[in-house]
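What follows is a single structure, written as C-alpha cells, with notes after it.
The values are calculated or read from the model by the stated rules, or taken from the named source; none is laboratory data. Being a predicted model, the structure only gives us computed values, none of them experimental. FYI the Cβ positions are ideal-geometry reconstructions off the backbone, even for glycines, and counts take in every protein chain you see.
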Amino acid sequence: MVLSAACVSAAHAGVTPGFVSIDSFQIASTANGSTVWNNVLTDDFGAFGAAEERMTYGGGRNAGGFMGKAYGSVDVGSGIMTMSYGGEVGASNGSFNANNVANWNPAYLVDQAPVQTAQGVFASTTSFNWSSGTAFSFDIANYVSNGPSNSPLLQMVATDNDGNTFYRQVALLNGHVDVNFSDFTGINFSNLYYIAFQFDNTNLSGSLSGGPSSGSLQISNFGYVPAPGAFALLGLAGLSARRRRA
C-alpha cells in the first residue's frame with residue numbers, strides 16, 4: 001500500500017508516529033433526526049483523509065403521538081464529530097443493521113432503526129487496502145449520559161468487500177483510544193469497504209413515562225496507525241521526493 005504524506009496528521013506528530021487520517025472532520029455535514037422527527041441520512045464525497053465517502057445517519061422516531069419523540073444526530077465540522085441521541089425511549093422490536101446505511105436503504109431504516117441512534121460511516125468508492133495498518137486511533141471527549149431507560153453503547157463496525165462484518169465495542173471513556181485491527185475478527189483489511197462508529201441507546205424496552213434520556217460524545221483525530229515498516233517506507237518516500245526537488 002502506498003501511503004500519502006497528505007494523510008499524515010500533523011496533530012499526531014510525535015504522539016502516534018505514522019498516523020494516517022481517515023477523516024479530519026473539517027468538512028462539515030449534519031444528519032439531525034431531532035429536527036424532523038424521522039431518520040436523516042446524508043452522503044458526501046470529498047478529500048476527508050483516507051476516506052473517500054462519508055455517510056452520517058441520525059435515527060429518529062415519533063415515540064407515540066403526543067408522548068414525544070426520540071432521535072439521534074451527527075454533526076461534523078471544525079475537527080470534531082459530535083454524536084448524540086435524546087428524547088423519550090419507547091418499546092421497539094426493530095434492529096439496526098449498519099449495512100443498510102452504507103448500502104443506502106433508507107426505507108428499511110425508517111421501519112427498523114432503533115429509536116435513538118447515530119452513526120458515521122467512512123467508506124471507499126471501491127475498496128481500501130489498509131493491510132499495513134495495526135490499529136485505529138482516535139480521541140473521545142465530552143462524553144455524557146443522562147436519564148432513565150438509558151444504556152449507551154459505542155461500537156466500531158467494519159465491513160469488507162468479501163461480505164464480512166464485525167462489531168467491536170468501545171469503552172465510553174474520555175481520552176485517547178487505540179483499537180487493534182486484530183480485534184475485528186474475520187475482516188479482510190486489504191479489501192475493506194467501510195469503517196463506522198455507531199452510538200446509541202440499546203435499552204429499547206423502556207417506558208415512555210420514564211422520561212427523556214440522552215447521550216452525547218465527540219470524536220476527533222480519527223485515523224489508523226501503520227506498522228513501523230510501512231511508516232519507514234513513507235519516510236523514505238518523502239526523503240526521495242526532497243532529493244529530487246533539490
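The rows are residues; the columns are (1) within 30 Å of residue 224 (Cβ to Cβ); (2) modelled with pLDDT under 95.
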site	(1), (2)
69	no, yes
79	yes, no
85	yes, yes
90	no, yes
102	yes, yes
106	yes, yes
112	no, yes
125	yes, yes
147	no, yes
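Among residues of region 190-203 that are closer than 22 Å to residue 220 by Cβ and modelled with pLDDT under 95, those with a Cβ under 9 angstrom from a residue that is not in a strand (DSSP E or B) and not hydrophobic (A, V, I, L, M, F, W, C), sequence gap 6+ or separate chain, pair up as 200/114; 200/116.
The set of residues from region 29-59 being part of a loop (DSSP other than H, G, I, E, B), within 25 Å of residue 70 (Cβ to Cβ) and either among the aliphatic types (A, V, I, L, M) or modelled with pLDDT of 95 or more (or both) comprises just one member, 36.
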